[in-house]
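Colleague: Dropping the structure in here first, questions after.
Derivation of every value follows stated rules applied to the coordinates shown; laboratory data play no part. For clarity, every value in this text was computed on a predicted model and none was experimentally measured. Cβ sites come from the backbone with ideal geometry, for glycine too, and all protein chains shown count toward neighbours.
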Amino acid sequence: MSPPTQRRFHDRLSVTLANHVAKVHLERPDRHNAMDPPMIDALLDAQQWLAERVGVRAVVLSGEGESFCSGLDVASVVASPERIAWLLSPDARGINPAQRLALGWRELGAPVVAALRGHVYGAGLQMALGADIRIVHPEAILALPEIEWGLMADMGVSVTAAWLRHDILQDMMLTGRHLAGDEAMVLGLASRLDEDPRDAAAELAGDLARRSPKAVAAARKLWREAPGLDQRGRLAMEAELQRNLLAGQEQREATRARLDGRPPRFD
């Protein structure tokens with residue numbers, strides 16, 4: 001077992017990589033991990049760093065202190081017009097840095113589990129929607145309050161929340177109302193509830209890291225791409241993905257391990 005790899009980014013975020021699990025931890029607890037320019041830079045740099053790492057099989061996204069992330073630190077961001085222009089400037093794929101804060105987690109080659117507690121507002125909730133799974137404290141408060149600032153949610157929410165009922169999303173975006181964790185669960189924003197989201201997310205990530213990486217990647221690809229296809233295209237994608245797994249090295253190892261009653265080895 002190799003020793004953990006640790007990195008800090010812009011004094012706002014730490015990443016610990018061990019046993020194929022990367023724990024990304026926002027570290028601005030005095031401001032409920034609000035996104036100021038250094039935090040934004042840290043998140044984007046951490047995404048890039050993780051994308052370049054070989055062997056990452058699961059990611060945990062959490063925040064230090066009472067809250068996951070209370071959203072954008074508006075005062076610090078609007079103080080620089082150049083910064084705003086940069087945040088809204090698209091790259092060659094049409095994605096701007098603000099949108100990458102959420103979409104970047106979807107593009108990692110591993111599932112991302114967000115551990116949500118306390119304030120999960122605005123940019124914080126939009127970033128969490130970019131995760132594959134959201135484990136939420138029952139008393140966490142989730143909201144998209146951009147409307148109160150004369151703005152709207154725009155961090156790729158039309159992509160990351162496309163699976164939500166549109167009337168629910170409209171209700172949140174047009175009113176800015178706050179949802180408790182239990183209501184978020186009913187409405188589909190939360191994958192599951194837990195009194196200790198961080199520990200639950202770490203346990204789940206460890207379990208995901210022990211699964212066949214190719215099978216996990218195939219399942220993620222299916223649910224990223226199939227919704228944009230017609231029925232024929234969806235069924236063809238399922239069959240093709242499964243065909244690529246059957247009798248492969250990882251599938252054979254998973255089967256042998258299951259029959260032998262031991263953990264599989266995919267290293």
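Colleague: Whose amide H sits under 5 Å from the amide H of Leu13, counting only residues 5 or more places off or on another chain, with H placed in the peptide plane?
Modeller: The answer is Glu27.
Colleague: If you take the beta carbon distance between Val186 and Thr16 as r and set R0 to 45 Å, what does 1/(1 + (r/R0)^6) give as a FRET efficiency, to the nearest 0.05?
Modeller: 0.85
Colleague: Sequence-distant or interchain residues sharing an amide H contact under 5 Å with Val60, placed H: which?
Modeller: Correct list: Ala22, Lys23, Val24, Val113.
Colleague: First check a/c for segment 138-266, with a ≥ b ≥ c the square roots of the eigenvalues of its C-alpha gyration tensor; if it is under 1.5, answer rounded, and if not, answer prolate when a/b is larger than b/c or oblate otherwise.
Modeller: Oblate.
Colleague: What spacing in nm lies between the two simple spin-label points modelled at Ser80 and Arg243, each 7 Å away from Cα in the Cβ direction?
Modeller: Each label point lies 7 Å from its Cα, and together they span 5.0 nm.
Colleague: Would you work out the charge dipole size for segment 5-209 about its Cα centre, treating the Cβ of every Lys and Arg as +1 and the Cβ of every Asp and Glu as -1, and quote it to the nearest 20 debye?
Modeller: 520
Colleague: In whole Å, what is the distance between the alpha-carbon centres of segment 70-132 and segment 18-40?
Modeller: 12
Colleague: Hey, can you grab everything whose amide H is under 5 Å from the amide H of Ala34? Only 5+ residues off in sequence or another chain; H modelled, so Pro and N-termini drop out.
Modeller: Excluding prolines and chain starts, which carry no amide H, the hits are Ser70.
Colleague: Just grab the label-to-label distance for Leu151 and Gln170, each label 7 Å out from Cα along the Cβ direction, in nm (one decimal).
Modeller: In this crude label model, Leu151 to Gln170 measures out at 2.4 nm.
Colleague: With angles folded into 0 to 90 degrees, how steeply does helix 37-51 sit against the dominant principal axis of the chain? Use alpha carbons for both and round to 10.
Modeller: Between the helix axis and the principal axis of the chain, the angle is about 10 degrees.
Colleague: Would segment 5-209 count as rounded, prolate or oblate if I go by the C-alpha gyration tensor, calling it rounded below 1.5 in a/c and otherwise prolate when a/b exceeds b/c, oblate otherwise?
Modeller: The shape class here is rounded.
Colleague: Excluding Leu88 itself, calculate the net charge of residues whose Cβ lies under 13 Å from the Cβ of Leu88, where each Lys or Arg counts +1 and each Asp or Glu counts -1.
Modeller: -1
Colleague: Which values of log₁₀ I(q)/I(0), to two decimal places, follow from the Debye formula for segment 213-260 at q = 0.16, 0.18, 0.21 Å⁻¹ with a uniform point scatterer at every Cα?
Modeller: Values returned for q = 0.16, 0.18, 0.21 Å⁻¹ are -0.49, -0.58, -0.71.
Colleague: Enumerate the calculated ³J(HN,Hα) couplings along segment 12-18 in order (Karplus 6.51 cos²θ - 1.76 cosθ + 1.60, θ = phi - 60°), each rounded to whole Hz, writing x wherever the residue is Gly or Pro.
Modeller: So the J values, rounded to whole Hz, are 10, 7, 10, 10, 10, 10, 8.
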